[in-house]
Amino acid sequence: MKKKYFIFISLVSILISGCQSDAFQLDIDTSTTISSTSLLNSFLQRSLQNNTTKDNFIDGSSAVKIEFPYAIQINNQSFNLIEENDYQNVIAFLENENTLVYQVNFTFPLQVSLVNYETTSIQSLTEFDAVLANASESSEINCINFMYPLELNSFSLSDENSTTRILNNQAQFFNYLQLLQQQDGFFQFSYPVSIIVDGQTTEVNSVDDLESIYNGLATPCFEPNLYIPTITPIDQLDEFLIGETFFVFNLLNDGEDDTDEVDEFRFTYNANGSISVFNTENQTSSNGTWTIVEDDNQTKLDLTFENLALDELVEDWVVEEFGNNNRIRLTDDQDQLIFENIE
């Protein structure tokens, strides 16, 4: 199927005062071409981004990955992490401690990398908190790997340029797709493309092939955490929430980071099941409700709010974990909501 895009370009003559508008027609074959604003492109970027989620149980954030080697201390127990296998020593310790609430202390300096593979050196906890506050959380997909090199043909609507690019690794591919998204572009693989899905190599020859693969991925592919503490009884979650004030550390809605739409709100969980909401930007107050329920062997936090600006938070969220770094992480399919306690 072909979709036609009409592009109007204003041509300015340096010889004649004034301008005129010309139009040309761009034919896009959607069976082989992907828009940089499409859901499929979002899936592609999530599977190409830096693997920042695996160490969430250590740094409490999907915005960064701590680069090896580094040292940490948990409950007076020290760990030297040289490679990924060393995570298992930390996981075994946490399982033996049987607690959801633990504090990770880092030895600085640390080297961390962002979702786009950019690296930076962190000299103190203050710097670390600043990096986390300014970086975007990710929702990665970890079951798909492309085989390189691969060739990409692209067209940018912002400057009407077409380009053929050879990509040699995951970081190049991810950052190029981000650039195309900024340019409102389209791209097309030079098919066939070989990819590895859950350890099995398969050949892709069309956009439909790619969409079928992503639509068929299992849920663990979308949240590749190495360790998620077992949810403890409801009364411990009550204790974690009641009387405490939280802000939204991260909100992912359909793969998009919407944190900045709600980061001015403060949420205080009251013992009577109400939530006192305060907007720090316009100094106004509103209310909400919270309820903890058990449903299909899952602990859920049901939230409602009277302020329409908080509609994206109204959901019966699955409680994935709480306590680590004073946060509670909630999910609903591919959406994610993380509250952090204001100490």
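In table form, for the structure just shown:
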item	result
Matching residues, the stretch 178-199, being of a type in the set (Gly, Ala, Ser) and either part of a loop (DSSP other than H, G, I, E, B) or not assigned by TED's automatic domain parsing to the domain that holds Ser35 (or both)	Ser190, Gly199
Which listed residue is in the same structural domain as Asn215 (by TED's automatic domain parsing) and closer than 17 Å to Leu44 by Cβ, from Leu157, Leu152	Leu152
Complete set of residues in the stretch 100-129 that are exposed (fewer than 15 other Cβ atoms within 10 Å of the Cβ) and either under 22 Å from Leu337 (Cβ atoms) or at pLDDT below 90 (or both)	Gln103, Asp129
Scan of the stretch 306-342 for residues that are closer than 16 Å to Thr259 by Cβ and of a type in the set (A, V, I, L, M, F, W, C), ordered by number	Ala309, Leu310, Leu313, Trp317, Ile328, Leu330, Leu337, Ile338, Phe339, Ile342
Checklist (1) touching a residue at least 24 places away in the same chain (Cβ under 8 Å); (2) closer than 28 Å to Val248 by Cβ applied to Thr107, failing item	(2)
Those residues of the stretch 253-284 which are surrounded by fewer than 16 Cβ atoms within 10 Å (Cβ to Cβ) and out of contact with any strand residue (DSSP E or B) (no Cβ under 8 Å at 6 or more places or on another chain), in sequence order	Glu256, Asp260, Ala271, Asn272, Glu281, Asn282, Gln283
Filter result (among the aromatic types (Phe, Trp, Tyr) and either closer than 19 Å to Asn56 by Cβ or part of a strand (DSSP E or B) (or both)) within the stretch 112-169	Tyr117, Phe128, Phe146, Phe155
Filter pass, Leu303 being modelled with pLDDT of 95 or more, closer than 29 Å to Ile141 by Cα, part of a strand (DSSP E or B) and not acidic (Asp, Glu)	yes
Count - residues of the stretch 290-307 that are of a type in the set (Ser, Thr, Tyr) and exposed (fewer than 15 other Cβ atoms within 10 Å of the Cβ)	1
Only listed residue being under 30 Å from Phe322 (Cβ atoms), in contact (Cβ under 8 Å) with a residue 40 or more places away in the chain, surrounded by 13 or more Cβ atoms within 10 Å (Cβ to Cβ) and not acidic (Asp, Glu), chosen from Ile196, Ile228, Ile213	Ile228
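The values are calculated or read from the model by the stated rules, or taken from the named source; none is laboratory data. Bear in mind that the values here come from a model prediction, so they are computed numbers and not experimental data. Glycine gets a Cβ as well: all are built from the backbone with ideal geometry, and neighbour counts include every protein chain shown.
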